[in-house]
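Everything on this sheet refers to the single structure shown next.
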Number of protein chains: 2
Amino acid sequence: MQTIDRLFQAAKQRYDASQPSLAECYEITRACLTKLNTEATLRRFGEFRGAPNLEYWVAEGNGNLSRPYRPEMFISDLAEFERAVVSFQDQMDDDDITDPVTFEKVVYTVVSSFCLCYDVWKPKSRKTPGTFFEVFIGSVCQIRYPQPRFQMTKHIPIVVEVPDADAVDDGALQGNSVSTDLVITNTVTQQGAVIPLKITTRERIVQPFAHQRILDSAYPGRYRSYLTCISEVQRDDKTTTVKQICVPGTVALFQKHLSELSGLYYCDIPQRYARQDFTALIRVTGIANLFDDIDDWLNR
Amino acid sequence: MQTIDRLFQAAKQRYDASQPSLAECYEITRACLTKLNTEATLRRFGEFRGAPNLEYWVAEGNGNLSRPYRPEMFISDLAEFERAVVSFQDQMDDDDITDPVTFEKVVYTVVSSFCLCYDVWKPKSRKTPGTFFEVFIGSVCQIRYPQPRFQMTKHIPIVVEVPDADAVDDGALQGNSVSTDLVITNTVTQQGAVIPLKITTRERIVQPFAHQRILDSAYPGRYRSYLTCISEVQRDDKTTTVKQICVPGTVALFQKHLSELSGLYYCDIPQRYARQDFTALIRVTGIANLFDDIDDWLNR
């Protein structure tokens, strides 16, 4: 894991310095796939019981079992991955996603191969996979939304006025901001697309809604949020099945009474969220549509 | 810990069945204090560097170090605890908190002694102390806000209408609710006091604000929230000092742009939150004032 860790730190450093970092992300994926193929066992775990049933696999090694993944979306073969990356890059360069299946396979493989490695060999570094997801999607956005027309940040500053300003001596109350994972702003219109990135949402689903609500209050009409995730799956070791952890009622409640998100974007869309009663309340679609949706909003 | 665990389960069962459970809570505290006094070392840990500096202690045993606690608020002596409980009960019975210091010492000791035991002997049961905090405060509320004039629940039902209701087959989207820790409703006026209970808030501070906002949207003017906590402290083992983890800017932002909480109630009030620039934005006070504030709102 030292190699992967070192590559990740290097990619993150470049990303944080606003330097191109997509090549570095692919390099990490190559290292992860190589390690998984040679030092772990990729095998069937069990099914998600739905309509239809879905097969999930896991990586096993080092005495650990990884999170479940969909084998037909995960490119474990390195040569096939290289071909898929070429297609992914072409689609990004052409601004035209003609093969969304391959496009989403690349996103799924890049993020999942990293997650599997951390699950197996560094299970205590729980936050690192989420950071890598952010670096990867952010790296793609760097290319698609270039300066100076667009600006990429992680925070939206919001000034909160303090009635008794004299008593403030550290300024902590005065300069504040909404910390999101990624914000892309059209520097001409000042409109912004907020992209909360969560590999899975779990109980943190409230955050993007709360942030959107704060932005609606502080900057009416200026920001929209696009919640971007990989999947919502969990191993159930007792039954060797996979659960899709969904909270449709909670999301519906938030969407109606807290704020409106512009969409939920997944690689492995949870079946419950794909149903028509739910998509009537909130757009739910594949991650391949994320950029086109943001383009529409930002007049790219 | 088997005895404490068994007592806790019994108290929780009674509480969940709406039976009086305060005596059971004290019994748990007696067992915790006895175990701490005989099987752990209660000792100085270090200081919080503030104005003034504050001394914090820890319980040490079983190879573990507990969270930090304020020794002058924690009653480790059993006989002294019994006397304090009598005072606590008298003040509750008289509806008149004449000795808030002792009142808050009892709350602090009941909750902290349980936390310390779990930190030392069952550190993996991370959620149990929070549940006990809820059982204890809920048990006090059962007495102070009796049926039938008042009603105590954990959820506030909110119906979310689903446009395409025919497609729903499990009803998950239709009946929903805001899950809070404790809601006390005046059955005559239908006004309610929401009491989110968190031993410390950490990153979960957004929840009570989001919930209040949803309630403002679904039931304008009917609910107020009273966020109730023990402290916001964390050990810093490197420097053997204690940090008070405060997010004044975030709270100010939420209070202004997300929703308004009616107050923050603490046993060990973080110094940053007690400062006047902050209390100008949101009421911050000792837990002894919680019930009087709720009384005012609910016309008790």
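Structure above, values below:
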| read-out | value |
| --- | --- |
| Hits in segment A:209-221 - residues which are within 22 Å of the chain's Cα centre (by Cα) and more than 16 Å from A:HIS257 (Cβ to Cβ) | A:LEU215 |
| Any hit, segment A:26-37, residues being without any contact (Cβ under 8 Å) to a residue 40 or more places away in the chain and loosely packed, with under 12 Cβ neighbours inside 10 Å | no |
| Pair list, Cβ under 6 Å, 6 or more apart: segment B:1-25 residue surrounded by fewer than 12 Cβ atoms within 10 Å (Cβ to Cβ), other residue at pLDDT 95 or above and outside any helix (DSSP H, G or I) | none |
| Residue match in segment A:251-265 (condition: within 23 Å of A:GLU47 (Cβ to Cβ) and free of Cβ contacts under 8 Å to residues at least 60 places away in the same chain) | no |
| Count of residues meeting criterion [assigned to a loop (DSSP other than H, G, I, E, B) and within 14 Å of A:LEU116 (Cβ to Cβ)] in segment A:22-54 | 1 |
| Counted residues, segment B:57-80 - those being under 20 Å from B:ILE269 (Cα atoms) and buried (at least 19 other Cβ atoms within 10 Å of the Cβ) | 9 |
| Total residues in segment B:190-204, condition of a type in the set (S, T, N, Q) and touching a helix residue (DSSP H, G or I) at 6+ places or on another chain (Cβ under 7 Å) | 1 |
| Positions within segment B:254-283 being farther than 18 Å from B:VAL140 by Cβ and more than 13 Å from chain A (Cβ to nearest Cβ), in sequence order | B:LEU261, B:SER262, B:LEU264, B:ASP268, B:ILE269, B:ARG283 |
| Residue check for A:VAL206: surrounded by 23 or more Cβ atoms within 10 Å (Cβ to Cβ), more than 13 Å from the chain's Cα centre (by Cα) and within 12 Å of another protein chain (Cβ to nearest Cβ) | no |
| Complete set of residues in segment A:55-94 that are of a type in the set (Asp, Glu) and either without any contact (Cβ under 8 Å) to a residue 60 or more places away in the chain or part of a helix (DSSP H, G or I) (or both) | A:GLU55, A:GLU72, A:ASP77, A:GLU80, A:GLU82, A:ASP90, A:ASP93, A:ASP94 |
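Quick grid of which residues meet (1) surrounded by fewer than 17 Cβ atoms within 10 Å (Cβ to Cβ); (2) at pLDDT 95 or above; (3) assigned to a strand (DSSP E or B); (4) within 12 Å of chain B (Cβ to nearest Cβ):
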{"residue": "A:PRO220", "(1), (2), (3), (4)": "yes, yes, no, yes"}
{"residue": "A:GLN234", "(1), (2), (3), (4)": "yes, yes, yes, no"}
{"residue": "A:THR239", "(1), (2), (3), (4)": "yes, yes, no, no"}
{"residue": "A:GLY249", "(1), (2), (3), (4)": "no, no, no, yes"}
{"residue": "A:ILE294", "(1), (2), (3), (4)": "no, yes, no, no"}
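The values are calculated or read from the model by the stated rules, or taken from the named source; none is laboratory data. Since we're looking at a predicted model, the values are computed, not measured. Cβ atoms come from the backbone with ideal geometry, glycine included; neighbour counts cover every protein chain shown.
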